[in-house]
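The values are calculated or read from the model by the stated rules, or taken from the named source; none is laboratory data. In this text, all values refer to a predicted model and were calculated from it rather than measured experimentally. Reconstructed Cβ throughout: ideal geometry from the backbone, glycine too, with neighbour counts over all protein chains shown.
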Ligand code: ACO
Ligand code: ZN
């Protein structure tokens, strides 16, 4: 594929794959965007365009009108077809089947870059989706999908949900409550035992996770759902999934805080909980890669705090002096993988080379920033409230 650039063109000649400047609704600024889908003319004869802003996260993809497009410097994608000779024709025939299945996969991928669900209603909240999620197609045509906030069953209408709520006895996620402190609880759910709940949770999560949810069998995962309690029940705030057996020492597969609870410190709490489990298991863990942009921000911040907490803590046996700690010591105390400890030390820029050896040197600014951040972390995981023993899944 190559691109050709043409100045001002007519709106009717725009095709899927074209790139041009589009006015982003959120910021009101012009950004280069690619047209993913064109919706044919409405009654007023105008077309709608589903665009992806180049270099921006896909959750910002949106439908825009003709008025939001800037027709200067439209880049059109042109497919180049390689010439074929007869000798390659036979080989190509054999490849046809393979190519067909590849094409089907590509078509599926192309569909999956488009948001298909407009909105969901979950308990007290109406939430706009961020990404594609494989809910049944007939539900995606609706303006809103209605979810039972306890069992996560999906319904096409409020009336249908109402009928379900008369029957649904759940006031909390299924599974076992393994942690409770104040209003925060954690429930452990086995994907094999509560398969339908786990499937519904993954469908819901996919609305806000771009890259992956589960690659294979739901039965091979455990789900840790964090809830907040009030007089109506235990409301889902977020969750993370974890492989029962991980050969790569992943202690989190997917992690999510629902949008209505984001940026309040709950993500940090969920991450802290995942490492609390690893501490009980007596081994270091790491989140499955790739991390999303928001996942990376949250993990970097958690790791920095956890590493500094260990380095700045006073050792009672050394009369208030701070004892020397190796990377493995830090890893053992935090259950953060040595690789992640190293990347954190690097990003904090606190390892210095001094008189022939590496020393840790934390300046006042870093300490002040750390102390301010820790003051904001008003809710912490209290290991005493965690009633859990690891299972031997093998
Ligand atoms: N913009 C800038 N910074 C942000 C944002 C944002 N939108 N969201 C979180 N942060 C920063 C916070 O400032 C905070 O840093 P600080 O401690 O230095 O202030 C840090 O990230 C954590 O903030 P929390 O409020 O604890 O995190 P939150 O509750 O919002 O949850 C999470 C973070 C889970 C990543 C959430 O954004 C989310 O669910 N996103 C969608 C799903 C996702 O991307 N999950 C991670 C995928 S990777 C994987 O699954 C292994
Ligand atoms: Zn229900």
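Of (1) within 24 Å of residue 60 (Cα to Cα); (2) in contact with a helix residue (DSSP H, G or I) (Cβ under 7 Å, 6 or more places away or on another chain); (3) more than 16 Å from ligand 1 (Cβ to nearest atom), residue 141 satisfies all except one. Which?
(2)
Check 46, 25 and return the single one that is in contact with a helix residue (DSSP H, G or I) (Cβ under 9 Å, 6 or more places away or on another chain), outside any strand (DSSP E or B) and touching a residue at least 40 places away in the same chain (Cβ under 8 Å).
Working: 46 fails: touching a residue at least 40 places away in the same chain (Cβ under 8 Å).
So the residue among 46, 25 that is in contact with a helix residue (DSSP H, G or I) (Cβ under 9 Å, 6 or more places away or on another chain), outside any strand (DSSP E or B) and touching a residue at least 40 places away in the same chain (Cβ under 8 Å) is 25.
Let's see how each residue does on (1) within 8 Å of ligand 1 (Cβ to nearest atom); (2) out of contact with any helix residue (DSSP H, G or I) (no Cβ under 7 Å at 6 or more places or on another chain); (3) closer than 26 Å to residue 228 by Cβ:
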site: 262; (1), (2), (3): yes, yes, yes
site: 267; (1), (2), (3): yes, no, yes
site: 284; (1), (2), (3): no, no, no
site: 287; (1), (2), (3): yes, no, yes
site: 291; (1), (2), (3): yes, no, yes
site: 305; (1), (2), (3): yes, no, yes
site: 326; (1), (2), (3): no, yes, no
site: 330; (1), (2), (3): no, no, no
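Among the residues of the range 189-202, write down those that are farther than 16 Å from residue 246 by Cα and buried (at least 19 other Cβ atoms within 10 Å of the Cβ). Don't jump to the end; show me each part of the working.
Within the range 189-202, the subset farther than 16 Å from residue 246 by Cα is 189, 192-202.
189, 194, 197, 198, 201, 202, listed by residue number.
When residues of the range 49-70 are filtered for being assigned to a strand (DSSP E or B) and crowded, with 17+ Cβ neighbours inside 10 Å, how many remain? If you could, list the steps in order and put the result at the bottom.
So the first thing to find is which residues in the range 49-70 are assigned to a strand (DSSP E or B), and the list is 49-53, 62-65, 69-70.
Narrowing the set further to residues that are crowded, with 17+ Cβ neighbours inside 10 Å leaves 49-53, 62, 64, 69.
Total satisfying the criteria: 8.
Checking the condition touching a helix residue (DSSP H, G or I) at 6+ places or on another chain (Cβ under 9 Å), at pLDDT 95 or above and more than 19 Å from residue 296 (Cβ to Cβ), which residue from 234, 223, 240 passes?
Values: 234 fails: touching a helix residue (DSSP H, G or I) at 6+ places or on another chain (Cβ under 9 Å); 240 fails: more than 19 Å from residue 296 (Cβ to Cβ).
So the residue among 234, 223, 240 that is touching a helix residue (DSSP H, G or I) at 6+ places or on another chain (Cβ under 9 Å), at pLDDT 95 or above and more than 19 Å from residue 296 (Cβ to Cβ) is 223.
If I ask for residues that are assigned to a helix (DSSP H, G or I) and without any contact (Cβ under 8 Å) to a residue 24 or more places away in the chain, which ones from the range 357-374 would you list? So that I can check it myself, show each step before the final result.
Quick first cut of the range 357-374, residues assigned to a helix (DSSP H, G or I) only: 364-374.
364, 365, 368, 369, 371, 372 - these are the residues of the range 357-374 that are assigned to a helix (DSSP H, G or I) and without any contact (Cβ under 8 Å) to a residue 24 or more places away in the chain.
Please enumerate the residues belonging to the range 173-188 that are surrounded by fewer than 18 Cβ atoms within 10 Å (Cβ to Cβ) and within 11 Å of residue 227 (Cβ to Cβ).
177, 180, 183
List the number of the failed condition for residue 189; all other conditions in (1) more than 16 Å from ligand 1 (Cβ to nearest atom); (2) farther than 18 Å from residue 239 by Cα hold.
Evaluating residue 189 over (1) more than 16 Å from ligand 1 (Cβ to nearest atom); (2) farther than 18 Å from residue 239 by Cα leaves (2) as the failure.
What number of residues in the range 227-242 are crowded, with 20+ Cβ neighbours inside 10 Å, more than 17 Å from residue 208 (Cβ to Cβ) and away from ligand 2 (no atom under 16 Å from the Cβ)?
If we filter the range 227-242 for residues that are crowded, with 20+ Cβ neighbours inside 10 Å, which is where we start, we get 227, 234-242.
Now restrict to residues that are more than 17 Å from residue 208 (Cβ to Cβ): 227, 234, 242.
Checking which are away from ligand 2 (no atom under 16 Å from the Cβ) leaves us with 242.
Qualifying residue count, the range 227-242: 1.
Only one of (1) part of a loop (DSSP other than H, G, I, E, B); (2) more than 24 Å from the chain's Cα centre (by Cα); (3) surrounded by 15 or more Cβ atoms within 10 Å (Cβ to Cβ); (4) more than 9 Å from ligand 2 (Cβ to nearest atom) is not met by residue 170, so which one is it?
Unmet for residue 170, out of (1) part of a loop (DSSP other than H, G, I, E, B); (2) more than 24 Å from the chain's Cα centre (by Cα); (3) surrounded by 15 or more Cβ atoms within 10 Å (Cβ to Cβ); (4) more than 9 Å from ligand 2 (Cβ to nearest atom): (4).
Can you tell me which of (1) within 18 Å of residue 392 (Cα to Cα); (2) in contact (Cβ under 8 Å) with a residue 60 or more places away in the chain; (3) not in a loop (DSSP other than H, G, I, E, B) is the one residue 245 doesn't meet?
Failing condition for residue 245: (3).
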